[in-house]
Amino acid sequence: MSEILVLVEQVDGQVKKVTLELLTLARSLGTPAAVWAGPGITPEAKARLAEYGAEKIYVAPSSDIVDYVVAPKAELLAQLVAGKSPAAVLVAATAEGKEIAGRLAIKTDSGVITDAVGLREGFVADQSIFGGGVNVHAKVRKGTPIVAVRPNSTAPEPAAGAGAEEEVSVTLSEAAKATRIVERVKQEKGARPELTEAAIVVSGGRGVGSAENFAIIEELADALGAAVGASRAATDAGWYPHQFQVGQTGKTVSPQLYIAAGISGAIQHRAGMQTAKTIVAINKDPEAPIFELADYGVVGDLHQVVPQLTEEVNKRK
Ligand SMILES: Cc1cc2nc3c(=O)[nH]c(=O)nc-3n(C[C@H](O)[C@H](O)[C@H](O)COP(=O)(O)OP(=O)(O)OC[C@H]3O[C@@H](n4cnc5c(N)ncnc54)[C@H](O)[C@@H]3O)c2cc1C
């Protein structure tokens, strides 16, 4: 079976969950080959990639790859596409992943599909658009299919691969080195999972009423081991930081469970969460559009419902 390249997403040598999802997906369509872009691969990371099915691990240890923004990763993948003729390239549909996918498509004269929520035989990708109201099946017709897949679209399943390492040296163009990263500032990370990777997201909207009231959203999130999200109304009001905004102009999430509390369900909010597997809405207005999208709805005051839910979840632990 032909190789399918999977660009590894990692933080400090730790392979991110989305990569394990992509390897699982790649396994159903061909032979997964992980691509580690930059220095810092650890024995643990290699073992993790092999555990989830990587038959090959291409390692390009040059620090140039991570010293310049995105372009070098696209060049690395383009060189691997030319040299290895993979059947497809999978990247995570993160902001960086999608930019790499676009650049790679240009470099390899290939078609690209972004925001896929599934990938089937023949590299037919599933996309969910217009508030989840329309499912699109799309297929690349030219070159090597390049598909950016949303985090949490596939459940990662281990199935051991050989994990054979092959070092790759990459020749970067001057153009790829046009923008150098001069500083990296680590954001303080709490105990909660990263919003775009979390399996459960609890989001609050204007109905939460104040920054202080977001404590009840956080408490429910912590009881469930979830990430906290917010609508734009809540972030614009300064109740919650903008980096947690879900929607068209915020983050795109695709968790197993999305709980929307005090969020009306505007199209721009839906754009960021409509592919969640199960959606629960808590809203005091039975006519709120979010209920059209929700799998389960609670009509009630979130200030009563959310703490009760938290209490119930904590009782069952
Ligand atoms: C170009 C553009 C981009 C945008 N991008 C985004 C984006 O990325 N993300 C985003 O979220 N929005 C975005 N918006 C804004 C979007 O149109 C909505 O204005 C926003 O999503 C509304 O947020 P909300 O649902 O929290 O507030 P509202 O629409 O005001 O809804 C609040 C809801 O809370 C309910 N409620 C009130 N009190 C309670 C209570 N005590 N208990 C239970 N329910 C209660 C109400 O019934 C209501 O349904 C964008 C808009 C534009 C024009």
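A few comments on the model shown:
- Think of it as helices only: each DSSP H run of n ≥ 4 in the chain is worth -39500 (n - 2.57), and spread over all residues that comes to -8000 deg cm²/dmol at 222 nm.
- Maximal additional length on extending the K177-Q268 stretch stands at 29.2 nm, based on 0.36 nm per residue less the C-alpha distance.
- Listed peptides 86-94, 182-190 by packing density, highest first (mean Cβ within 10 Å): 86-94, 182-190
- Cross-link partners for K315 among the lysines, with Cα-Cα distance under 29 Å and sequence neighbours closer than 8 places in the same chain left out: K17, K189, K277, K284.
- With only the Cα atoms considered, the chain has a convex hull volume of 137 Å³ per residue.
- The Cβ shell under 11 Å around A148 holds other residues with a net charge of -1, Lys and Arg each +1, Asp and Glu each -1.
- Carbon and sulfur %, accessible surface of region 70-215 computed with the full protein complex present, 1.4 Å: 50
- Rh (Kirkwood; distinct C-alpha pairs) - region 109-191, Å: 17.1
- Within the full protein context, the accessible area of Y52 is estimated at about 20 Å² for a probe radius of 1.4 Å.
- Comparing T108, T278, T42 in a Gaussian network model of the chain (Cα springs below 10 Å), the most mobile by mean-square fluctuation is T42.
- Between 0 and 90 degrees, the angle of helix 95-108 with respect to the longest Cα principal axis of the chain falls at about 30 degrees.
- Accessible area of L104 in the full protein assembly, 1.4 Å probe (Å², nearest 10): 0
- Probing with 1.4 Å while keeping every protein chain in the model, the per residue accessible area of region 89-167 equals 48 Å².
- Averaging the sequence gap over all C-alpha pairs within less than 8 Å and six or more residues apart, then dividing by the number of residues, gives region 181-317 a relative contact order of 23 percent.
- Note on surface exposure: F123, F244, F214, F130 rank F130, F244, F123, F214 by accessible area, highest first, 1.4 Å probe.
- Rule-of-thumb Rg ratio for region 234-288 [Cα; 2.2 N^0.38 Å; N residues]: 1.10
- Accessible heavy-atom area order of R316, R27, R150, highest first, probe of 1.4 Å: R316, R27, R150
- Computed FRET value (nearest 0.05) for R316 with K186, which takes r as the C-beta separation and R₀ as 41 Å: 0.70
- Relative intensity, log₁₀ I(q)/I(0), of region 1-75 from a Debye sum that treats every alpha carbon as a point, q = 0.19, 0.25 Å⁻¹: -0.72, -1.15
- Each of T179, L80, A92 was placed along the dipole of the chain (beta-carbon charges, centred on the mean Cα), and the one lying farthest toward the positive end is L80.
- Pairwise FRET efficiency - D236 versus A87, Cβ, R0 = 51 Å, nearest 0.05: 0.70
- Sequence-distant lysines (8 or more away, or on other chains) whose Cα lies within less than 26 Å of K142: K56, K73, K84, K98, K107
- Computed from Cα atoms, the angle from the helix 17-27 axis to the main principal axis of the chain rounds to 60 degrees.
- For the pair D12 and I106 in one chain, pulling the backbone fully straight at 0.36 nm per residue adds 30.9 nm over the alpha carbon distance.
- Only protein heavy atoms count here; under a 1.4 Å probe, S110 has an accessible surface of about 20 Å².
- Rounded to 10°, Cα long-axis angle of helix 302-315 versus longest principal axis of the chain: 70
The values are calculated or read from the model by the stated rules, or taken from the named source; none is laboratory data. What you are looking at is a predicted structure, and each value in this text was computed from that prediction instead of being measured. Because the Cβ atoms are built from the backbone with ideal geometry, glycine has one as well, and the counts that use them run over all protein chains shown. Please note that ligands, DNA and RNA were not included when accessible areas were found on the heavy atoms of the full protein model with its side chains. Shrake-Rupley method; radii C 1.70, N 1.55, O 1.52, S 1.80 Å.
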